[in-house]
Amino acid sequence: AETRLLRAKLILEEALETVKALGVGVRVTTDDGTEVDFNHVDHLDFVAQGEPDLEGVVDGCADISVVTIGTLIAFGIDDEPVLEEVDRANLRKFAPGSYRREDGKWMKPPGWTPPDILGVIERQKVAG
């Protein structure tokens, strides 16, 4: 269950970061009509409910991939160089000094640098 909870949190966290970067806010209306801005997963409790549906997990992950790649295309970005840069940065998270928290999330080692997304974008602009 711990792995499922971590993966669910990471998926939603990345989705909310992307939605915010798109310049969009998410607001939830509670049963009593109260509106609450929904912009961070730290305010949520993730609870395992039942057994996972592997077919549904695979379908959902594939759909998320299609939607996110489509978003890059809509902004005129070639996805392959971006994914390569992000993969390189993520692999550097496993260098000496990194560690895994109790919830299963890997923490970056000292000196870790994030992916150079702006550099990838600029190279794509130059390449035309």
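In this structure, does ILE11 turn out to be within 30 Å of ARG123 (Cα to Cα), not in a loop (DSSP other than H, G, I, E, B) and not assigned by TED's automatic domain parsing to the domain that holds LYS125? Judged against the criteria, ILE11 is a match. With respect to LEU72, determine if the residue is at pLDDT below 95 and in a helix (DSSP H, G or I). The answer is no for LEU72. Selection within region 1-29: residues that are basic (Lys, Arg) and surrounded by 10 or more Cβ atoms within 10 Å (Cβ to Cβ). The member of this set that is farthest from GLY104 (Cα to Cα) is LYS20.
Any idea how many residues of region 30-45 are part of a strand (DSSP E or B) and surrounded by 10 or more Cβ atoms within 10 Å (Cβ to Cβ)? Show your work before the answer.
To start, the set of residues in region 30-45 that are part of a strand (DSSP E or B) comprises 35-37.
Okay, now just the ones that are also surrounded by 10 or more Cβ atoms within 10 Å (Cβ to Cβ), so 36-37.
Number of matching residues: 2.
From the list GLY60, GLY97, GLY70, pick out the single residue that is surrounded by 10 or more Cβ atoms within 10 Å (Cβ to Cβ), assigned by TED's automatic domain parsing to the domain that holds GLY128 and either at positive phi or touching a residue at least 60 places away in the same chain (Cβ under 8 Å) (or both).
Values: GLY60 fails: either at positive phi or touching a residue at least 60 places away in the same chain (Cβ under 8 Å) (or both); GLY70 fails: either at positive phi or touching a residue at least 60 places away in the same chain (Cβ under 8 Å) (or both).
Going through GLY60, GLY97, GLY70 in turn, just one is surrounded by 10 or more Cβ atoms within 10 Å (Cβ to Cβ), assigned by TED's automatic domain parsing to the domain that holds GLY128 and either at positive phi or touching a residue at least 60 places away in the same chain (Cβ under 8 Å) (or both): GLY97.
Taking residues in region 23-37 that are under 21 Å from LEU12 (Cβ atoms), and partners anywhere that are at pLDDT below 90 and aromatic (Phe, Trp, Tyr), the pairs with Cβ atoms closer than 7 Å and at least 6 places apart or on different chains are VAL26/PHE38; ARG27/PHE38; VAL28/PHE38. Restricting to region 92-102, name every residue that is assigned to a loop (DSSP other than H, G, I, E, B) and among the hydroxyl-bearing types (Ser, Thr, Tyr). Result: SER98, single match. Looking only at residues of region 103-128 that are in contact with an Asp or Glu (Cβ under 9 Å, 6 or more places away or on another chain) and part of a loop (DSSP other than H, G, I, E, B), we find that the one that is farthest from ASP79 (Cα to Cα) is ASP103.
Of ALA62, ALA48, ALA89, which residue is assigned to a helix (DSSP H, G or I) and under 18 Å from ARG4 (Cβ atoms)?
On the way: ALA48 fails: assigned to a helix (DSSP H, G or I); ALA89 fails: under 18 Å from ARG4 (Cβ atoms).
Every option except ALA62 fails the conditions.
The values are calculated or read from the model by the stated rules, or taken from the named source; none is laboratory data. Keep in mind that this is a model prediction, so the values were computed, not measured. As a convention, Cβ positions derive from the backbone with ideal geometry for all residues, glycine included, and neighbour counts pool all protein chains shown.
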